[in-house]
Amino acid sequence: MNAISALGLKSEGLSVSVVVYRPDVAKLNATLASFGAACEELRAINCSIPIALYLVDNGGGEADASSTLETLGIQNVVVTVIAGHGNVGYGRGHNLAIERSNSRYHLVLNPDIELASDALKEALNFFDSHAEAGLITPWIGDEHGRQQFLCRRYPTLLDLFARGFLPARLRALFTRRLARYEMRDQINARDIVWDPPIVSGCFMLFRTSVLKQLGGFDARYFLYFEDYDLSLRAHDVTRVVYAPAVRVLHHGGGAARKGSAHIRMFMASAYKFFNRFGWKWL
């Protein structure tokens, strides 16, 4: 019996939620296509594993991914489009899918991520081998394949300001400080790291029972810091693990590069986060 067959996934399987608002359709289609390829490799090991995709459309424009969704349907992925609720925010959007899910595992996935073809297989094999793990975060690269360091220690206001808003020449003055914040002393392309304090919401693979125990995302965050919040709460009920054998590419960008509205949302969410978990200035 292979590792994934031993999981007993035939009746429970994997669910995935992707929340979109005015999406870059090319990136969304690339995300869905890479997910489909990863499903195919997973099914090469367990052909009967049920897989469900929830595409949560928060509006703001046409998210035309119909041809890619049809392909996923042909690949026996059960596709559900959740729409008509308006722009409820990132976390609440995912919660609409999480509350519908009855899977063994649930993947929170950004529409700007491309999965390696073996990403899902590696992740579920890891869960099978490590019963204590409840949340997996992957190795994340940029579009050029360079590693992004998206595991974090608890932030200070200075860390957030220097990383998110300073131009590169000034940010260089904080290189050592930001390297510590980004856990560059521990995170690499080879070593498993247990219990990084904060992990990125662009790819969070949970045991669904853990995610439901946590109540999903805190709906008080409209955008930004909902993943910081969920990461810290996850440590109360399970172990979080950085598993570099699970690999994805990330095409996202920071709040400062997206305009003043995103800066305001970032600041509002930071205020809520620090009020809940404690303020650190320097």
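Just so you know, all these numbers are worked out from the coordinates, no wet-lab data involved. It should be emphasised that the depicted structure is a prediction, and the values quoted were computed from it without experimental measurement. Using ideal geometry, Cβ is built from the backbone for each residue, glycine included, and neighbour counts are taken over all protein chains shown.
Find which of S260, G60, V77 sits farthest along the positive direction of the dipole of the chain, computed with +1 on the beta-carbon of Lys and Arg, -1 on that of Asp and Glu, about the Cα centre.
Result: S260.
So for K121, K272, K280, fewest C-beta neighbours within 10 Å to most, what's the order?
With the sparsest Cβ surroundings first, the list reads K280, K272, K121.
So what's the net charge close to A189: Lys and Arg +1, Asp and Glu -1, counting the other residues with Cβ under 13 Å from its Cβ? Don't jump to the answer; show the numbers that get you there.
Working: positive: R146, R184, R190, R247; negative: D191.
Local charge sum for A189: +3.
Give a residue-ordered list of calculated ³J(HN,Hα) values for region 118-128 (Karplus: 6.51 cos²θ - 1.76 cosθ + 1.60, θ = phi - 60°; whole Hz; x for Gly, Pro).
9, 4, 5, 4, 5, 5, 6, 5, 5, 4, 4
Can you list residues from other chains, or at least 5 along the same chain, whose modelled amide H is less than 5 Å from the amide H of I82?
HN-HN under 5 Å from I82: L55, V56, D57.
Of all the stretches in the chain, which is the longest one without any exposed loop site, taking chymotrypsin sites (Phe, Trp or Tyr not before Pro) in a DSSP loop (any state but H, G, I, E, B) with at most 16 other Cβ atoms within 10 Å?
On the way: sites that count: F149, W279, W281.
No qualifying site falls inside 1-148, the longest such stretch.
By the scheme Lys and Arg +1, Asp and Glu -1, what is the net charge of all other residues having a beta-carbon under 13 Å from that of V19?
-2
How big, on average over all directions, is the shadow cast by the Cα convex hull of the chain, in nm²?
14.1
For region 127-271, give the magnitude of the charge dipole about the Cα centre (Cβ charges: +1 Lys/Arg, -1 Asp/Glu; no others), in debye to the nearest 20.
580
What whole-number value in cubic angstrom gives the convex hull volume per residue for the C-alpha atoms of region 162-282? Write out the running numbers ahead of the final one.
On the way: hull volume 15.9 nm³, N = 121.
Expressed per residue, the convex hull around the Cα atoms of region 162-282 is 131 Å³.
Go through G278, L205, V20 and say which Cα lies farthest out towards the positive end of the charge dipole of the chain; charges sit on Cβ, +1 for Lys and Arg, -1 for Asp and Glu.
It is G278.
Under 10 Å, Cα contacts only: if you run a Gaussian network model on the chain, which one of E41, E226, E70 comes out with the highest mean-square fluctuation?
Top of the fluctuation ranking is E70.
Given +1 on the Cβ of Lys and Arg, -1 on the Cβ of Asp and Glu, and no further charges, what dipole in debye does the chain carry about its Cα centre, rounded to the nearest 20?
That gives a dipole near 1140 debye.
Report the antiparallel proportion of the DSSP beta bridges in the chain as a percent, rounded to a multiple of 5.
35
Have a look at A219, A119, A83 and tell me which one the Gaussian network model of the chain (Cα, springs below 10 Å) gives the largest fluctuation.
A83
So what's the projected area for region 74-193, the Cα convex hull averaged over all directions, in nm²?
Directional mean of the projected Cα hull area for region 74-193 stands at 10.9 nm².
Return the calculated 222 nm mean residue ellipticity for the chain, to the nearest 500 deg cm²/dmol, obtained by summing -39500 (n - 2.57) across DSSP H runs with n ≥ 4 and dividing by the residue count. Walk me through the numbers on the way to the answer.
Numbers: 10 runs with 103 residues, N = 282.
So the helix-based figure for the chain works out to -11000 deg cm²/dmol.
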